[in-house]
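Single-structure report; data block below.
The values are calculated or read from the model by the stated rules, or taken from the named source; none is laboratory data. Model, not experiment: these values are computed from the prediction. Neighbour counts run over all protein chains shown; Cβ positions are idealised from the backbone, glycine included.
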Amino acid sequence: MKTFTMPGTGLRTPNIVAGMMRIAGKTDSEIRELVAAALDVGVTFFDHADVYGGETHKCEARFAEALKLTPAQREKVILQTKAGIVPTGEGWAYFDYSAEHLIASAEGSLRALRTDYIDILLLHRPDALVEPEEVAAAFDQLHAQGKVRHFGVSNHSPRQIDLLKTAVRQPLVANQLQLSITHSPLVAQGLAVNMEKLDQSVVRDGGGLLDYCRANGITVQAWSPFQRGFFDGVFLGDREREPKLNDVIDKLAAKHKVEPIAIATAWITRHPANMQVVLGTTNPARVAAAALGSDLPLTRKEWYELTLAAGHITP
């Protein structure tokens with residue numbers, strides 16, 4: 001398992017993260033089996049959010065109920081959660097970055113996770129009504145009280161981050177963003193800069209988001225790393241829509257003696273930005289198989305072959 005020191009934190013972290021979004025309906029033993037499989041391959045980083053599970057703090061609570069971590073065990077894992085989305089119960093949600101809401105959400109996560117501190121708290125989705133001073137007040141209080149050690153964002157553009165930084169004093173250490181071989185404007189747009197009438201050249205990320213994060217010490221965390229598009233199904237094994245890509249993945253999987261999921265993981269981890277891959281699976285075997293892509297040495301030629309097979313262009 002490849003690890004690195006996460007900029008702005010001092011935390012030695014794996015480049016694979018276990019996402020806990022889908023554990024609400026799992027039994028205690030199933031959750032323990034999933035976490036054990038992650039720990040066995042070196043995945044010590046667990047990603048949560050207050051809205052995961054259909055009820056506020058549901059997945060966080062299930063995680064804590066199943067594991068009952070001792071203080072010594074707690075010190076050996078990294079717990080990250082998110083705040084800012086407010087479900088209405090009417091089939092839609094809104095966003096709230098007020099100090100009151102962020103503090104209440106973080107404290108709810110602390111109770112649900114049965115921990116004295118959160119390693120990293122992320123702002124989940126951009127709030128159009130954000131007031132940076134409110135975010136700063138929440139972060140200052142949570143940090144001063146030792147309740148949250150580090151802060152970051154999710155799905156934020158460079159300018160949205162810059163706006164937050166006009167008031168927020170703590171480093172913003174992570175930005176969780178959708179990224180896979182097939183859903184990769186973060187990477188692919190940079191390969192087609194200034195190419196007229198080419199969809200790939202259209203700027204969708206606020207302008208050089210990946211380069212911005214690298215230059216500012218912000219770790220990109222790739223969510224939905226195996227999704228074909230925006231909740232458009234998994235591309236692995238989808239030979240109807242992605243036959244060429246799956247042919248290349250299977251060829252490389254055979255060459256490197258791993259499962260195809262490891263190749264899809266390695267396409268992200270091969271990038272020099274030290275990105276983290278957030279796995280959403282609750283299948284212990286798939287966690288172990290994906291983890292083999294952590295430091296799989298794809299060559300430049302192999303990486304670009306995968307990129308082209310996914311339909312991207314290198315002019």
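Results for (1) assigned to a helix (DSSP H, G or I); (2) within 18 Å of G8 (Cα to Cα); (3) within 21 Å of the chain's Cα centre (by Cα), shown as yes or no for each residue.
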residue	(1), (2), (3)
D140	yes, yes, no
V153	no, yes, yes
S180	no, no, yes
R204	no, no, yes
Provide a single number: the residues in region 62-83 that are outside any strand (DSSP E or B) and within 20 Å of G152 (Cα to Cα). 1
In region 3-39, anything aliphatic (A, V, I, L, M) and either at positive phi or within 14 Å of the chain's Cα centre (by Cα) (or both) is listed as M6, I16, V17, A18, M20, M21
Is it the case that A309 is modelled with pLDDT of 95 or more and surrounded by 18 or more Cβ atoms within 10 Å (Cβ to Cβ)? yes
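Among the residues of region 5-46, write down those that are of a type in the set (G, A, S), surrounded by fewer than 21 Cβ atoms within 10 Å (Cβ to Cβ) and touching a helix residue (DSSP H, G or I) at 6+ places or on another chain (Cβ under 6 Å).
A24, A37
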Restricting the search to region 126-150, which residues are in contact with a Ser or Thr (Cβ under 7 Å, 6 or more places away or on another chain) and surrounded by fewer than 19 Cβ atoms within 10 Å (Cβ to Cβ)? P132
For region 158-200, which residues satisfy the criterion of being modelled with pLDDT of 95 or more and hydrophobic (A, V, I, L, M, F, W, C)? I161, L163, L164, A167, V168, L172, V173, A174, L177, L179, I181
Could you tell me which of the residues R169, R149, R159, R111 is in a loop (DSSP other than H, G, I, E, B) and touching a residue at least 12 places away in the same chain (Cβ under 8 Å)? R169
For region 69-106, give me the residue count where each residue is loosely packed, with under 15 Cβ neighbours inside 10 Å and of a type outside the set (G, A, S). 11
Within region 49-58, is there a residue that is out of contact with any Leu (no Cβ under 8 Å at 6 or more places or on another chain) and at pLDDT below 95? yes
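Being touching a His at 6+ places or on another chain (Cβ under 7 Å) and aliphatic (A, V, I, L, M) is true for just one of L191, L129, L163, L179. Which residue is that?
From the options L191, L129, L163, L179, the qualifying one is L191.
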In region 1-26, what residues are touching a residue at least 24 places away in the same chain (Cβ under 8 Å), over 13 Å from D119 (Cβ atoms) and in contact with a Leu (Cβ under 8 Å, 6 or more places away or on another chain)? I16, A18, G19, I23, K26
